[in-house]
Structures are given as structure tokens and as C-alpha cells.
Amino acid sequence: MAITVTWTINDTKWKKSDGGVYEVRWRCQVEDGSEGMNANQAAALGEFHYTANPSSGSFKPLNELTPEIVLGWVKATLDAKEQGSDMTSTELENQLKGKVQAKIDNEAVNASGLPWSS
């Protein structure tokens, strides 16, 4: 099965006065498409804080924000290794893919259950 990566924004916080987003909570999930008890997945969660500047040319009003724009902020923050991030977005994805692949490899050579109930 193919390993997929899904980035999502779980929550944002903004100031009512100017619509400036100051907090973004995100998740990166990697899975192999298996379902139920056999699902192989790994995820990372994070929270970043921003200082919105409504007078900046790059400021986006709330009604113009999309998940892609906000994910761009998250990945840029990771890639710049800001706010305590110790790896880029690609390095994070690769680390999670490695965890999922290790689970898949383990299942290929090992089994679990109750041998007497087969």
C-alpha cells in the first residue's frame, strides 16, 4: 500500500479587532491506507505563534485565508527551523514515513495474537 502524508490545520486563533491570526495548531499524519487494528500510522502535532501586522503588504484578512495559505505559514516556520522546530517539514515527513515503514516491515516478519484460537 502507498504511504500518504496529510497536513491539516486543527485550529487557529485571531484577534477580533483586526483579524490577525496569532496562533496555529497543526498536524502531520502519515499512514499506509490500512484500516482498523492493522492501520499503520504516525503523526506529529504542533502549535506556532505569529505576530500579525495588518499594515504589512503580506497580511491576509480572515476571509481570504485558506488551509493552503495557513499550511504555507506552518511549513515555512518549520523549514526556517523557527519557534523550536528542530527539523524541516520534509525532514518531519520523512521521519514519520520511516516510523510507518518500520511498522510495515515488522508486520512482514512478525505476527501477534493467540495461537490456540486460529
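The values are calculated or read from the model by the stated rules, or taken from the named source; none is laboratory data. None of these values were measured; they are calculated from a predicted model. All Cβ positions, even for glycine, are placed from backbone atoms using ideal geometry, and neighbour counts span all protein chains on display. Just so you know, the surface numbers come from the protein's heavy atoms only, side chains and all, with ligands and any DNA or RNA stripped out. Shrake-Rupley method; radii C 1.70, N 1.55, O 1.52, S 1.80 Å.
Pop out the carbon and sulfur fraction of the accessible area of the range 29-93 as a percent, whole number, probe 1.4 Å. Could the numbers behind the result be given before it?
Values: 1950 of 3950 Å².
Exposed carbon and sulfur together represent 49 percent of the surface.
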**Asked** Mean projection of the alpha-carbon convex hull of the range 1-102 over all orientations, in nm²?
**Response** 7.6
**Over the chain, relative contact order from alpha-carbon pairs under 8 Å, at least 6 apart, %** = 23
**Asked** Quick one: if you stick a label point 7 Å off each Cα along the C-beta vector at Trp14 and Trp116, how many nm between them?
**Response** 6.2
**Item:** Distance in nm between pseudo-label sites at Glu91 and His49 (7 Å out along the Cβ direction from Cα)
**Value:** 2.3
**Item:** Förster-model FRET efficiency, 41 Å R0, Arg27 and Ser56, C-beta, rounded to 0.05
**Value:** 0.90
**Inter-probe distance in nm under a simple model that places probes 7 Å from Cα toward Cβ, at Gln83 and Ile69** = 1.7
**Message:** Quick check for you: with a 1.4 Å probe and neighbouring chains kept, what is the accessible area per residue of the chain, in Å²?
**Reply:** 66
**Request:** Taking amide H positions as placed in the peptide plane 1.01 Å from N, state which residues far from Gly20 in sequence (5 or more) or on other chains have amide H under 5 Å from it.
**Result:** Lys15
**Asked** Rounded to the nearest 500, what is the chain's calculated 222 nm mean residue ellipticity when only DSSP H runs of at least 4 contribute -39500 (n - 2.57) each, over all residues?
**Response** -9500 deg cm²/dmol
**Asked** What are the aspartates and glutamates whose alpha-carbon lies under 12 Å from the alpha-carbon of Lys103, with same-chain residues fewer than 8 places away excluded?
**Response** Glu31, Asp32
**Asked** Given a 1.4 Å probe and the protein chains all in place, what does the accessible area of Asp86 round to, in Å² to the nearest 10?
**Response** 120
**Fill in**
Highest mean packing first, using Cβ neighbours within 10 angstrom, the peptides 42-52, 106-116 sort as 42-52, 106-116
